[in-house]
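K.L.:
Before we start, here is the structure in question, set down as structure tokens.
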Amino acid sequence: MRFKTHLLFFLSSFVFNYNLNAQNANFQWKRVAPGVWKAIVGKPEQISLLGVAQIKPMQQALEKLGAPAFPKHLTGSKNELTDGKVYLRFPLVKQEQLFGLGLNFKSVQQRGSIKTLHVDHYNGKDDGRTHAPVPFYVSGKGYGILINSARYITVYAGTASRRDSENPPLEMNRNTQKNWDPSPYSDAVEILVPAAGTEVYVFAGKNAMEVVQRYNLYCGGGTLPPKWGLGFTHRTPTLFTDQQVLKEVADFEANGYPLSFVGLEPGWQSYAYPNSFVWDSTRYPKPKAFLDQLKTKNIRANLWINPYVSSHSPIYKNILPYTASHTVWVGVVPDFNTKPAQNLCKGLFTKQHIDLGVSGYKVDETDGYDNWLWPDVAKFPSGFTAEQVRQTYGLQFQKMSSEWFREKNIRTYGLVRASNAGASALPYVIYNDYYNHKDFITALVNSSFIGVLWTPEARSSKTSEEWLRRMQTVCFSPMAMLNAWADGTKPWTFPDVADQVKEVMQLRMQLLPYLYTTFAQYHFEGKPPVRAMNLVEGFSFEDKMVEGKLNSTDNPYAQAVRQDIKDQYMIGDYLLVAPLFAGERTRKVVLPRGKWYDFYTGNLVGEAETIEIDQKAALDRIPLFVKDGGIIPMVPVILHSPLKDQVLPLTVRHYGTLENSWNLYDDDGESFEYEKGIYSFTKLEVKRDINRDLVGNVPVPSTKQIRYNSITWQWMTK
């Protein structure tokens, strides 16, 4: 009996010590690239986010960033395997700011949030259910952490206080202490991964921007769109015919509005919801002739699809064995983790679309809502769970379809509703049906932390002021898009602001050399084209909480509200964009360190301070500001993106008083020849001459890859 007692005591002690050791297990980090480390916890699953994206790290570019040491801040990180799940814990210090954790629409700083990262249509809350629930967060302390798992991951980003914490919060009495805090201090990010194992990556850098660069470069570098992709796009009403589309194109040109590609909505197909993926013979009797006619006008075509296959599709019978147990809109759901499903779609899409001249896709309904997609009880022939497939479905289609174009040495640029980690190099921009203008800008800011692109599209508006504000915004995003599929709107729908809309659309085209170089930075250096202010050198904004007002229903604990800078952003190195919103009379703009100048006049507006804009005075134009020494190359107003060998004159604007230089990028704008080194960087440089006057160089092109035949300097600051 005594032996049994001792044995039971021994076993219980062993179990206790085992659990204790598991709880305190340290990560075994392995360096996989300069400034990048990986650890394996448990047994990772066969499908992962980076695996689906098939990332190819840009080793040379990563080496150029240097080789920082492993962040000391993370040496206390712990992991545990319990109940078939992975528990992760990463330390936090006071005042540490966190960014990322998916495409959020309400908030930029994420410390103090709880998220279950789940591919879904955004539902109005930053709770993790969103179009790109990327499990990656960036710290202002100079590191980032990625959980490479295709599961619904729950993140407690500094919300829970552990009993064994080395920095526990103070116990306070709400009855007597006015400064009682309803959210006690937490010194850790804790993450639950509902799987038997996962890969964890750490990215290091001297600041948040370098961390983001390293993440993007490890995922293959940012996408470099074709030049036409950075022009203006107009999505036509859903049941338009080929002749109606051509008339729409002619109307744009006749009225002087730029247009580079058109989008055809579901009606181009013979059967939609679910889809046949073949042309409707009544609306598009000769699709190749139609596409050729568009091409002669230097206009490309983008096709709306969702991946769900109708019984009217030519591939239906053959793809049926490789589809899920459940349908979407009564269409079968291809399992793209099976080669036959991939090959059948590739054959049909190549023959019906790409070989005829289609330039890209708009991939709809790969996100949610739950009642429209397959349920989590669905079965897939690959053996992967419905959860894993949902987390990767949009990512899978992006990778698969972009390869179809790559095989023909043609760049594409499209739209998608769902994405995830590893998508930096994929040529797709996220969009949705949510239509809050301010939240659109916050999403634009947040996209810069997680390696995805987002567009705040314009559809319709209640007033001309709102229409102008929305159109101004889309012209300063990764894809300038008017989506008229349901409303039939045109840029000139509101005549009283038609000229102002035309002006900002034309400005978008003039800025093409600047935008194209900015995307080249995304590709070669990992710098996102749209940048949150928190990624900008010289920007300082403390993580402040504004005291909350007690309300027995809405705020019973008088919780404080976090202050965010979420309504302004940078495009590229020099251009600060501060959108205005309908109905507001003024707005504030926070300027980073250094002097800043008005884009339109060149006048000084401030230096490391907060300025206020009178919206009424600025009605006609979106407020734009340029950093001291800023170099902005521009071309004359053009209605279509340049042809492959078209040569244009270049005007280079300089703002402020500083000497500076900037490398202008160029290539053929259409193919992947740049990956073979067939491109150019031309140094644009401003120096002071013997009289201390600013002088710009006029470099002689050393290669045919630069398509600008003259350079004129324009000194904006007198």
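K.L.:
So how much slack lies between Arg162 and Gln714, counting 0.36 nm per residue of separation and subtracting their Cα-Cα distance, in nm?
P.N.:
Length difference between fully extended and current span is 192.7 nm.
K.L.:
Next up: Once you've got the Cα coordinates, tell me which of Lys339/Lys379; Lys85/Lys141; Lys38/Lys399; Lys115/Lys178 are over 19 Å apart.
P.N.:
Lys85/Lys141; Lys38/Lys399; Lys115/Lys178
K.L.:
Most exposed first by the Cβ proxy, i.e. fewest other Cβ within 10 Å, how do Met58, Met505 rank?
P.N.:
Ranking Met58, Met505 by Cβ neighbours within 10 Å, fewest first, gives Met58, Met505.
K.L.:
Okay, moving on. Can you tell me the length gained on complete extension of the stretch Ala250 to Leu648, counting 0.36 nm per residue apart and subtracting the Cα distance?
P.N.:
Extra length available between Ala250 and Leu648 comes to 140.9 nm.
K.L.:
Another one. So, R0 is 51 Å and r is the distance between the beta-carbons of Thr75 and Val698; what FRET efficiency does that work out to, to 0.05?
P.N.:
With a Förster radius of 51 Å, E is 0.45.
K.L.:
Past 20 Å, Cα to Cα: identify those pairs from Lys627/Lys687; Lys295/Lys346; Lys297/Lys346; Lys502/Lys718; Lys595/Lys687; Lys227/Lys527, in the order given.
P.N.:
Lys295/Lys346; Lys297/Lys346; Lys502/Lys718
K.L.:
Sticking with this one: Search the structure for amide H atoms under 5 Å from the amide H of Val86, placed 1.01 Å from N in the peptide plane, and list their residues when 5 or more places away or on another chain.
P.N.:
Val193, Ala195
K.L.:
Which one of Asn318, Asn420, Thr463 is farthest out on the positive end of the charge dipole of segment 227-507, using unit charges on Cβ (Lys, Arg +1; Asp, Glu -1) and the Cα centre as origin?
P.N.:
Most positive-ward Cα: Asn318.
K.L.:
Could you work out [θ]222 nm for the chain from helices alone, using -39500 (n - 2.57) per DSSP H run of at least four and dividing by all its residues? Round to the nearest 500 deg cm²/dmol.
P.N.:
The helix contribution divided over the chain gives -6500 deg cm²/dmol.
K.L.:
Run the numbers on segment 122-263 and let me know its relative contact order in percent, using alpha-carbon pairs under 8 Å that are six or more apart.
P.N.:
Once divided by the residue count of segment 122-263, the mean separation gives 23 percent.
K.L.:
Ok, one more. Would you work out the charge dipole size for segment 120-253 about its Cα centre, treating the Cβ of every Lys and Arg as +1 and the Cβ of every Asp and Glu as -1, and quote it to the nearest 20 debye?
P.N.:
180
K.L.:
How high is the relative contact order of segment 227-507, given as a whole-number percent (alpha carbon pairs under 8 Å, six or more residues apart)?
P.N.:
This gives 18 percent for segment 227-507.
K.L.:
Which of the peptides 368-380, 77-89, 304-316 is most tightly packed, and how do the rest follow, going by the mean number of other Cβ atoms within 10 Å of each residue?
P.N.:
Per-residue mean Cβ counts within 10 Å order the peptides as 304-316, 77-89, 368-380.
K.L.:
What percent antiparallel are the DSSP beta bridges of the chain, to the nearest 5?
P.N.:
Taking every DSSP beta bridge within the chain, about 75 percent pair in antiparallel fashion.
K.L.:
To continue, here is another question. In square nanometres, what is the average projected area of the Cα convex hull of segment 449-512?
P.N.:
Averaged projected area of segment 449-512's Cα convex hull equals 5.0 nm².
K.L.:
Let me ask something else. Can you work out ³J(HN,Hα) from phi for every residue in segment 423-430, in order, using Karplus 6.51 cos²θ - 1.76 cosθ + 1.60 and θ = phi - 60°, giving whole Hz and x for Gly and Pro?
P.N.:
For segment 423-430, the Karplus curve yields 8, 3, 7, 8, x, 10, 10, 7 Hz.
K.L.:
Using θ = phi - 60° and the Karplus form 6.51 cos²θ - 1.76 cosθ + 1.60, what ³J(HN,Hα) does each residue of segment 686-693 get, whole Hz, x for Gly and Pro?
P.N.:
For segment 686-693, the Karplus-derived couplings read 10, 9, 8, 7, 4, 8, 6, 8 Hz, x marking Gly and Pro.
K.L.:
Ordered by residue, what ³J(HN,Hα) values in Hz, to whole numbers, does segment 126-142 give under the Karplus form 6.51 cos²θ - 1.76 cosθ + 1.60, where θ = phi - 60° and Gly and Pro are x?
P.N.:
Values per residue, Gly and Pro as x: 7, 10, x, 7, 7, 5, 9, x, 5, x, 9, 10, 10, 9, x, 7, x Hz.
K.L.:
Stretch Glu673-Lys288 to full length: gain in nm at 0.36 nm per residue minus the Cα-Cα span?
P.N.:
136.0 nm
K.L.:
Regarding segment 631-715, what's the average projected area of the Cα-atom convex hull, expressed in nm²?
P.N.:
6.2
K.L.:
Using alpha carbons only, what's the Rg to Rh ratio of the chain with Rh from Kirkwood?
P.N.:
Ratio of gyration radius to Kirkwood radius for the chain: 0.98.
K.L.:
Which listed residue (Ile638, Gly677, Ile690) has the Cα farthest towards the positive end of the charge dipole for segment 631-715, taking +1 on Lys and Arg C-beta and -1 on Asp and Glu C-beta about the Cα centre?
P.N.:
Farthest towards the positive end: Ile690.
K.L.:
Taking H as built 1.01 Å from N, whose amide H comes closer than 5 Å to the amide H of Leu426, not counting residues under 5 places away?
P.N.:
For Leu426, whose amide H was placed from the backbone, the distant partners under 5 Å are Thr223.
K.L.:
Defining a contact as two alpha carbons under 8 Å apart and six or more residues distant in sequence, what relative contact order in percent does the chain show?
P.N.:
12
K.L.:
Arrange the following residues from fewest to most other Cβ atoms within 10 Å of their Cβ: Lys72, Lys490.
P.N.:
Fewest-to-most ranking of Lys72, Lys490: Lys72, Lys490.
Bear in mind these aren't lab numbers, they're just calculated from the coordinates by the rules spelled out. Since the structure is predicted, the reported quantities are computational estimates derived from the model, not experimental observations. A quick note on method: Cβ atoms are made from the backbone with ideal geometry, for glycine too, and the neighbour counts reach across all protein chains shown.
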